[in-house]
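Below: one structure, written as structure tokens.
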Amino acid sequence: TTREMIRKLIMMAETIGPISTSIKSKLESSLQAVSIKLVNESHKHAGHYARDGSAASNSGETHFKVEVVSPKFEGLSMVKRHQMVYALLQDEIQNGVHALSMSTKTPKEAEASS
């Protein structure tokens, strides 16, 4: 389908490192995500966040923007959705992910906004 082709093109255009791979894998499997767009924005913060020897810092993966569409968000407030994502990514956060900007939508919300 067109949606799947666009998703694959977006995935190919993104830089994939160990942290982003882990983030995507967890969000896809745990949230049964219909769509995930993950962007490494660490380059925008060069010099503002010191290298601390963490896995995220060493791989240049400290700042991310993620857009997730999942049916598991149905009936949940934005705060509860974000808490769900933070809980899933606790290991990555403890291992040096410094910032995570997110958009969390249900499939119905994503369809209405497109």
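The values are calculated or read from the model by the stated rules, or taken from the named source; none is laboratory data. Since the model is a prediction, treat every value here as computed from it, not as a measurement. Positions of Cβ are backbone-derived with ideal geometry, glycine not excepted, and every protein chain shown enters the neighbour counts. All accessible areas refer to the heavy atoms of the entire protein, side chains included, with ligands and DNA or RNA removed. Shrake-Rupley method; radii C 1.70, N 1.55, O 1.52, S 1.80 Å.
Here are a few things to note about the model shown:
- Residue match in region 13-36 (condition: modelled with pLDDT under 60 and either open to solvent by 40 Å² or more (accessible area, probe 1.4 Å) or of a type in the set (Phe, Trp, Tyr) (or both)): yes
- Hits in region 39-98 (condition: of a type in the set (Phe, Trp, Tyr), under 15 Å from the mean Cα position of the chain (by Cα) and either loosely packed, with under 14 Cβ neighbours inside 10 Å or at pLDDT below 80 (or both)): Tyr86
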